[in-house]
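Novice: Before we start, here is the structure in question, set down as structure tokens.
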Amino acid sequence: PEETVTSSFASFIYAVRPEHLSKTVRHRSKRMILDSIGVGLVGSTTPVFDIALQYCRLYSLVAVSSVYGKPGVKLSPTLAAFTNGVATHSMDFDDTWHPATHPSGAVLPALLAASQMLPPGTKPNGMDFLLAFNVGLEVQGRLMHFSSEAHNIPKRFHPPSVVGTLGSAAATAKLLSLSAAQCTHALGIAASLAGAPMANAATQAKPLHIGNATRLGFEAALLAARGMEANPLILDDIPGCSGFSVFYGAYQPKPLSAPSDHHEFLLEKQDIAFKRFPAHLGMHWVVDAALSVRNLFINYAGSFSPSLIRTIVLKIPVSKYINRPFPSSEHQARHSFQFNACTALLDGEVGLGSFAESSIQRQELRELLDKVVVEHPEDNVANFDKMYGEVALLLHSGDVLTGKCDTFYGHWRKPLSKESLLKKFRSNASHVLPEEKIETIITLVDDLENLSDSSQL
């Protein structure tokens, strides 16, 4: 039969082999795995995680898969994937790609749970695990590139709830060694389980998007393995009948070429962004710009004195859901240009404690927020590859001090060093694990290619 876009994806998932992963891809994806585990571990300390865990324990009859941060607690595989997905995104601390999505959190929890689900003697090794993880990334990235709309900060669907669900299905299908036909149906089933609106950003419902993506993609693969079928043209652009195109406008799908010695994974071309503090990625530009102008202000005045500031001008892209002048909750604060800029100005840093209620409600912070004016320059587009953040302090003296950032530390153009990534992981993991276990995880991930049983992870 004639090859279609959908069948080309299924053929790729089925046929790709460990030797197709370059040294660069293996290195970058292991950094992602380590960071995502750390983010999930610290995320297991949040209220939204506790809600998700309590819900899942009501239904977990086949408890074989582990839960982040809860020694001795196990759930059924798909509910463990869901709970760990919620943990990963509970603080908005997880990695981000371009076009914009959170790729690791939608895939890794499903693979961890599936590894524990499989019986002894059939468990995948570390290289199988690494390959399945990269299959999940590749499918997400390819789907995002099918639409120009996906390149900018989203307005309708939260991307990981869309592409992440299919990425989880692809990754799990690979780990479970599904046939090419079953991979086709897994993608089709996943498309019927995908999608969440952006209106739930900055609420406790947003972490559910990652939890559902990894869980429902996992379930799609399990259903396909048991014979369920779906539209074999789900990724193709069929006039008069929307498949995956329902999620994006200007949809132009292209076949995914068969894996070969010369196949170049998208992760080879496009590195990932790791966050230094737990907030929406857009916040990292304004924080670095604010820290820059804060240093200028201290050199100017000898100390940071808010009383000398008349107006704070933020030059940011147009993006309604992260333009929040006076956030009143933890999740709103993580999605507020104004809050993050003013916190950086006031404290000289943004960290875990910045989003505590006591920090959000500070009078001195409110006084700074009252001084903020937002501008949207035409050249500052809502695109993680092109946007910038600028913070200008207009002083009562008439002087103006300005800080600007077009590439923050942690962006794919300015990646975190190994030392910075390990520092972040150790800090996150230390909230729930002793030092020896933290170092064990670092060692396991670093040598993942040689791990005989990936369920050890």
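Novice: Projected onto the charge dipole of the chain (+1 at Lys/Arg Cβ, -1 at Asp/Glu Cβ, origin at the Cα centre), which of Leu256, Leu111, Val42 gives the Cα projection farthest towards the positive end?
Specialist: Checking the options against the dipole of the chain, the answer is Val42.
Novice: Right, something else. Taking θ = phi - 60°, what integer Hz values does the Karplus form 6.51 cos²θ - 1.76 cosθ + 1.60 yield along segment 367-375, in sequence order, with x for Gly and Pro?
Specialist: With coefficients 6.51, -1.76 and 1.60, one gets 5, 5, 4, 5, 8, 7, 10, 9, 10 Hz.
Novice: Once the Cα gyration tensor of segment 1-68 is diagonalised, what are the square roots of 5 times its eigenvalues, in whole Å and ordered largest first, as equivalent ellipsoid semi-axes? Display every interim value, and only then the final one.
Specialist: Working: eigenvalues 235, 87, 25 Å².
For segment 1-68, the ellipsoid semi-axes come out as 34, 21, 11 Å.
Novice: If you add up the charges near Val16, with Lys and Arg at +1 and Asp and Glu at -1, over every other residue whose beta carbon is less than 11 angstrom from its beta carbon, what do you get?
Specialist: It works out to a net charge of 0.
Novice: In segment 150-232, how does Rg compare with the Kirkwood Rh, expressed as the Rg/Rh ratio over alpha carbon atoms?
Specialist: Numbers: Rg = 13.1 Å, Rh = 12.7 Å.
Ratio value, two decimals: 1.03.
Novice: Which value, in Å², gives the accessible area per residue of segment 270-406 when a 1.4 Å probe is used on the protein heavy atoms?
Specialist: 40 Å²
Novice: I need the peptides 70-76, 89-95, 150-156 ranked by packing, meaning the mean over residues of other C-beta atoms within 10 angstrom, with the highest value on top.
Specialist: Highest to lowest by the protection proxy: 89-95, 150-156, 70-76.
Novice: Can you give the net charge of the other residues whose Cβ lies under 11 Å from the Cβ of Ser260, counting K and R as +1 and D and E as -1?
Specialist: -2
Novice: In addition: What base-10 log of the normalised intensity I(q)/I(0) is obtained for segment 281-405 from the Debye formula, alpha carbons as equal point scatterers, at q = 0.14, 0.17 Å⁻¹?
Specialist: For segment 281-405 at q = 0.14, 0.17 Å⁻¹, log10 I(q)/I(0) is -0.53, -0.79.
Novice: Based on DSSP H runs of at least 4 residues, each adding -39500 (n - 2.57), what is the mean residue ellipticity at 222 nm of the chain after dividing by all its residues, to the nearest 500 deg cm²/dmol?
Specialist: -14000 deg cm²/dmol
Novice: Where the only charges are on Cβ atoms (+1 Lys, Arg; -1 Asp, Glu), what is the dipole of the chain about its Cα centre, to the nearest 20 debye?
Specialist: Roughly 540 debye for the chain.
Novice: Working out 0.36 nm times the residue gap between Ala258 and Thr24, then minus their Cα-Cα distance, what length gain in nm do you get to one decimal?
Specialist: Contour length minus the Cα-Cα distance gives 82.2 nm.
Novice: Taking the chain as the reference, fit the longest principal axis to its C-alpha atoms, fit the long axis of helix 206-225 to the helix C-alpha atoms, and give the angle between the two in degrees, 0 to 90, nearest 10.
Specialist: The helix 206-225 is inclined about 10 degrees to the chain.
Novice: For the chain, which longest stretch is free of loop sites, where a loop site is one of the GluC sites (Glu not before Pro) that DSSP puts outside H, G, I, E and B and that has at most 14 other Cβ atoms within 10 Å?
Specialist: Of all site-free stretches, the longest is 4-228.
Novice: While we're here: Per the Kirkwood definition applied to all pairs of different Cα atoms, how many angstroms is the hydrodynamic radius of segment 344-426?
Specialist: The Cα-based Kirkwood calculation yields 15.8 Å.
Novice: Here's another thing I want to ask about it. R0 = 25 Å: FRET efficiency of Thr203 with Gln270, Cβ-based, nearest 0.05? Mind showing how you got there, number by number?
Specialist: Values: r = 30 Å, r/R0 = 1.18.
Computed FRET efficiency for Thr203 and Gln270 comes out at 0.25.
Novice: What FRET efficiency would be calculated for the residue pair Gln361, His431, taking the C-beta separation as r and a Förster radius of 30 Å, to the nearest 0.05?
Specialist: Plugging the Cβ-Cβ distance into 1/(1 + (r/R0)^6) gives 0.80.
Novice: Using the crude model of +1 on Lys and Arg Cβ and -1 on Asp and Glu Cβ, and no other charge, please compute the dipole size for segment 281-405 relative to its Cα centre, in debye to 20.
Specialist: The calculation lands at about 120 debye.
Novice: A further question on this structure: List the lysines whose Cα lies under 27 Å from the Cα of Lys424, skipping any in the same chain that are fewer than 8 positions away.
Specialist: Cα-Cα hits under 27 Å: Lys23, Lys30, Lys70, Lys74, Lys206, Lys269, Lys275, Lys386, Lys404, Lys414, Lys437.
Novice: Let me ask something else about it. Please compute the net charge surrounding Ser177, taking Lys and Arg as +1 and Asp and Glu as -1 over other residues with Cβ under 13 Å from its Cβ.
Specialist: Combined, the nearby Lys, Arg, Asp and Glu give +2.
Novice: Within segment 361-377, find all residues whose amide N lies under 18 Å from a label point positioned 7 Å from the Cα of Tyr300 along Cα-to-beta-carbon.
Specialist: 368-375
Novice: Quote to one decimal, in nm, the extra length available between Val246 and Asn383 on full extension: 0.36 nm per residue of separation minus the C-alpha distance between them.
Specialist: 47.1 nm
Novice: Return one number: the angle in degrees, 0 to 90 and rounded to the nearest 10, between the long axis of the Cα atoms of helix 126-144 and the longest principal axis of the Cα atoms of the chain.
Specialist: With rounding to tens, the tilt is 70 degrees.
Novice: Computed over the Cα atoms of the chain, what is the ratio Rg over Rh, Rh following Kirkwood?
Specialist: Expressed as Rg/Rh, it is 0.99.
Novice: Now for a separate question. For Thr311, list long-range residues whose amide hydrogen, built 1.01 Å from N in the peptide plane, is under 5 Å from its own amide hydrogen.
Specialist: Correct list: Leu394.
Novice: Here's another thing I want to ask about it. Probe radius 1.4 Å, ligands and nucleic acids ignored: give me the carbon and sulfur share of the accessible area of the chain as a rounded percent.
Specialist: On the way: 9110 of 17880 Å².
Looking at the chain in its full context, I get 51 percent from C and S.
Novice: With bins 10 Å wide starting at 0, give me the P(r) of segment 62-149 over every alpha carbon pair, in whole percents.
Specialist: Taking every Cα pair in segment 62-149, the percentages come to 17, 41, 32, 9, 1.
The values are calculated or read from the model by the stated rules, or taken from the named source; none is laboratory data. Source: prediction; values computed, not measured. Glycine gets a Cβ as well: all are built from the backbone with ideal geometry, and neighbour counts include every protein chain shown. To get the accessible areas, we keep the full protein, side chains included, count just its heavy atoms, and leave off ligands, DNA and RNA. Shrake-Rupley method; radii C 1.70, N 1.55, O 1.52, S 1.80 Å.
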